[in-house]
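**Q** Here you go, one structure.
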Amino acid sequence: MNFFQNLISSIRSRSLKSGYFRSKSFGVLHKDINKALESVMSKSGEISSLVFAEHLSGLIEELDDEAFINFFNTILEKYDIDSKALLQATNEYTKNKTQKNLEIISQLSEPRWRELFRRLNSIPEGTLKLVRLRERIRSLKKDSNNLQFFDRSLLILFKYWFNPSFLVLENIDWTTPASILEKIIAYEAVHEINSWDDLRARLAPEDRRCFAFFHPLIPNEPLIFVEVALSKNMPESINEVIKINRSVTLDEDINTAIFYSISNCQEGLSGISFGNFLIQKVAQKLRQENDGLDTFATLSPVPGFSKWLDKKSIDEYRDEDALLKQALIYLLKSDRDDGLPNDPVAKFHLGNGAILERINLNADLSSKGINQSKGIMINYLYDLETLEENHELFFKTREVKQSDGIIALRKKLKIN
């Protein structure tokens, strides 16, 4: 990773403008953004197109919201697919099926603005700037149908550029540079990190781990990270895991790895699923490092449970059995048209092939835990030997794979 960081940094940190724009043959860097756009799209030389792309990127960042929306309207109007030419080429291919005619169709079926994004991606820190660009598009897309279009289109490009084979798994610990640790604090989305002491308690002890995925083109920005507790048996509450003053589990007593927090870091990459690949990679790595590990599970929130109860106008859950019954119904009986789980976290883990292992009452008594899930947390079990089989079965049948304990609880509470 350090090799890639140094290599990419040395290339990307050089401003193209300062090095190459001394020659008058390059033309003018227009302050008018539409003229600057035309310059980017009209240049065929590799260096010249990048110089103009770097300049255009800076202009885009300076736009206010209204001008930003208008700019993307212009892009779609001027550089979309030429449908007449495409129809003509399709008709020609129907009459004469040659490789040349097929290539013409392939060229014409791709909107010209995709080349704009490729050129913007090639400038210094271009990939990160495009991720930030999509963040802004997503924040404004409710005001523009065209922005919704570009949101989906950038997502398609990002799925190629952020293919899991390009990602680098890095261990995050107390020796990791402070610039990265600050981002771990900022991006933590499940259990807030309130201080450096809090962070140290999650990273420094020998029975705690944290892993993050990075992309070589944005080496200083984590894409997603997972926090792991190595423990003896499966914890029933989050306080057992994240409290600052606790006993460290000895190596010889460790038999369980608990994934207790998974946080996506880049809103601009929303819609790309890194989590499944991350959990499997981390589980394999931990198993190689610790012979005693035989159980991989989560301690997960149930973020939609309270809202579901309110929507159903259910308030009869004062005793534990009543609350457990409603939680089981919420997790096992979908209200969605597609039959997938009501809860987004359940959908993620069950879709990965995990098993609904255990429901824990009074597991998160923080204000957030009470407000979103009545204090309930879930253990999902990752059986590495059956993950693929469970994954395939889940998406074929929508059936939730359940532990013997859950099945017994269903019988006790008379849930079919």
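**Q** Could you go through segment 333-341 and let me know if any residue there is in contact with a Ser or Thr (Cβ under 8 Å, 6 or more places away or on another chain), surrounded by fewer than 20 Cβ atoms within 10 Å (Cβ to Cβ) and within 13 Å of R398 (Cα to Cα). Can you show your working first?
**A** Here is the first cut: in segment 333-341, the residues in contact with a Ser or Thr (Cβ under 8 Å, 6 or more places away or on another chain) are 340-341.
Narrowing further to those that are surrounded by fewer than 20 Cβ atoms within 10 Å (Cβ to Cβ): 340.
Then drop every residue that is not within 13 Å of R398 (Cα to Cα), which leaves 340.
Scanning segment 333-341, I find at least one residue that is in contact with a Ser or Thr (Cβ under 8 Å, 6 or more places away or on another chain), surrounded by fewer than 20 Cβ atoms within 10 Å (Cβ to Cβ) and within 13 Å of R398 (Cα to Cα), so the answer is yes.
**Q** Among the residues that make up segment 350-359, is at least one of them surrounded by fewer than 17 Cβ atoms within 10 Å (Cβ to Cβ) and either in a loop (DSSP other than H, G, I, E, B) or touching a residue at least 60 places away in the same chain (Cβ under 8 Å) (or both)?
**A** Filtering segment 350-359 down to residues surrounded by fewer than 17 Cβ atoms within 10 Å (Cβ to Cβ) leaves none.
Scanning segment 350-359 turns up no residue that is surrounded by fewer than 17 Cβ atoms within 10 Å (Cβ to Cβ) and either in a loop (DSSP other than H, G, I, E, B) or touching a residue at least 60 places away in the same chain (Cβ under 8 Å) (or both).
**Q** Is segment 217-228 home to any residue that is without any contact (Cβ under 8 Å) to a residue 40 or more places away in the chain and crowded, with 22+ Cβ neighbours inside 10 Å? Step through it out loud before you land on a result.
**A** Our first condition is that a residue be without any contact (Cβ under 8 Å) to a residue 40 or more places away in the chain; within segment 217-228, this holds for 227.
Filter again for crowded, with 22+ Cβ neighbours inside 10 Å, leaving 227.
Checked segment 217-228: at least one residue is without any contact (Cβ under 8 Å) to a residue 40 or more places away in the chain and crowded, with 22+ Cβ neighbours inside 10 Å.
**Q** Please go through (1) within 27 Å of L223 (Cα to Cα); (2) of a type in the set (A, V, I, L, M); (3) in contact with a helix residue (DSSP H, G or I) (Cβ under 7 Å, 6 or more places away or on another chain) for L128 and return the number of the only condition it doesn't satisfy.
**A** Among (1) within 27 Å of L223 (Cα to Cα); (2) of a type in the set (A, V, I, L, M); (3) in contact with a helix residue (DSSP H, G or I) (Cβ under 7 Å, 6 or more places away or on another chain), the lone unmet condition for L128 is (3).
**Q** So E170 passes all but one of these: (1) of a type outside the set (V, I, T); (2) farther than 17 Å from I272 by Cβ; (3) crowded, with 16+ Cβ neighbours inside 10 Å; (4) assigned by TED's automatic domain parsing to the domain that holds W113. Which condition number does it fail?
**A** (4)
**Q** Another question about this same structure. Before we move on, is R152 among the basic types (K, R) and either at positive phi or at pLDDT below 95 (or both)?
**A** Numbers: among the basic types (K, R): yes; either at positive phi or at pLDDT below 95 (or both): yes.
Answer is yes for this residue.
**Q** Six or more apart or on different chains, Cβ under 7 Å: which pairs go from a residue in segment 361-377 that's assigned by TED's automatic domain parsing to the domain that holds Y260 to one that's part of a helix (DSSP H, G or I) and surrounded by fewer than 14 Cβ atoms within 10 Å (Cβ to Cβ)? Could you list them?
**A** Every condition considered, the pairs that remain are L361/E320.
**Q** While we're here: Say we look at segment 58-95 and pick out the residues that are of a type in the set (D, E, K, R) and either touching a Phe, Trp or Tyr at 6+ places or on another chain (Cβ under 8 Å) or not in a helix (DSSP H, G or I) (or both); which of these is surrounded by the most Cβ atoms within 10 Å (Cβ to Cβ)? Outline the logic, then answer.
**A** Initial filter on segment 58-95 (of a type in the set (D, E, K, R)): 61-62, 64-66, 77-78, 80, 82, 84, 92, 95.
Next, only the ones that are either touching a Phe, Trp or Tyr at 6+ places or on another chain (Cβ under 8 Å) or not in a helix (DSSP H, G or I) (or both) stay: 64, 80, 82.
Working: D64: 8, D80: 12, D82: 14.
Top of the filtered list is D82.
The values are calculated or read from the model by the stated rules, or taken from the named source; none is laboratory data. None of the values given here were measured: they were computed from a predicted structure. Counting neighbours? That spans all protein chains shown, and the Cβs are built from the backbone with ideal geometry, glycine included.
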